[in-house]
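**Q** I'd like to ask you about the structure that follows.
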Amino acid sequence: MLCGVVLQHVSKARYMGVLLSDDLQWSKHVQHITGKANSMLGLLRRNLRHYPEKLRELAYISLVRSLLEYCAAVWDPHKITDQLALESV
């Protein structure tokens with residue numbers, strides 16, 4: 001209960017862009033953001049194929065890497081599998 005209101009039990013919840021799970025593991029969050037980052041990377045590859053390398057680098061840093069690094073200080077992955085998933089993007 002919180003302020004007299006019964007809270008609902010959920011297995012995961014988003015809070016400020018970070019996916020929190022009931023088992024306090026970050027694997028679900030890492031899977032979610034790597035999926036979003038891979039999707040964005042595919043979009044950039046398809047649409048920026050003929051553009052200069054500097055522009056593609058800027059697009060990668062601003063649109064893909066920013067997804068991967070958002071709130072990283074909070075959810076810092078300590079599992080090797082999570083680290084490899086992030087590095088594979």
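The values are calculated or read from the model by the stated rules, or taken from the named source; none is laboratory data. Predicted model, so just to flag it, every value in this text is computed and none were measured. Note: ideal-geometry Cβ built from the backbone for every residue, glycine included; neighbour counts use all protein chains shown.
**Q** Quick one: in the stretch 1-18, which of the residues that are in a strand (DSSP E or B) and hydrophobic (A, V, I, L, M, F, W, C) is surrounded by the most Cβ atoms within 10 Å (Cβ to Cβ)?
**A** Val18
**Q** So in the stretch 19-73, with the set limited to residues that are of a type in the set (Phe, Trp, Tyr) and outside any helix (DSSP H, G or I), which one is surrounded by the fewest Cβ atoms within 10 Å (Cβ to Cβ)?
**A** The selected residue is Tyr51.
**Q** Let me ask you something else. Return the total of residues in the stretch 48-73 being of a type in the set (A, V, I, L, M) and within 12 Å of His29 (Cα to Cα).
**A** Going through the stretch 48-73, the residues of a type in the set (A, V, I, L, M) turn out to be 48, 55, 58-59, 61, 63-64, 67-68, 72-73.
Next cut, within 12 Å of His29 (Cα to Cα) only: 67-68, 72.
Final tally of qualifying residues: 3.
This table checks each residue for (1) within 13 Å of Val89 (Cα to Cα); (2) over 17 Å from the mean Cα position of the chain (by Cα); (3) aliphatic (A, V, I, L, M).
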position: Lys28; (1), (2), (3): no, no, no
position: Thr34; (1), (2), (3): yes, no, no
position: Asn47; (1), (2), (3): no, yes, no
position: Glu53; (1), (2), (3): no, yes, no
position: Ser66; (1), (2), (3): yes, no, no
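**Q** Among (1) modelled with pLDDT of 95 or more; (2) touching a Ser or Thr at 6+ places or on another chain (Cβ under 8 Å), which single condition is Ser88 missing?
**A** (1)
**Q** Given the criteria out of contact with any Ser or Thr (no Cβ under 6 Å at 6 or more places or on another chain), free of Cβ contacts under 8 Å to residues at least 40 places away in the same chain, at negative phi and not aliphatic (A, V, I, L, M), does Ser39 qualify? Before the answer, list the steps.
**A** Working: out of contact with any Ser or Thr (no Cβ under 6 Å at 6 or more places or on another chain): yes; free of Cβ contacts under 8 Å to residues at least 40 places away in the same chain: yes; at negative phi: yes; not aliphatic (A, V, I, L, M): yes.
Judged against the criteria, Ser39 is a match.
**Q** Could you check His32 against (1) under 21 Å from Tyr70 (Cα atoms); (2) in contact with a helix residue (DSSP H, G or I) (Cβ under 8 Å, 6 or more places away or on another chain) and say which number it fails?
**A** (2)
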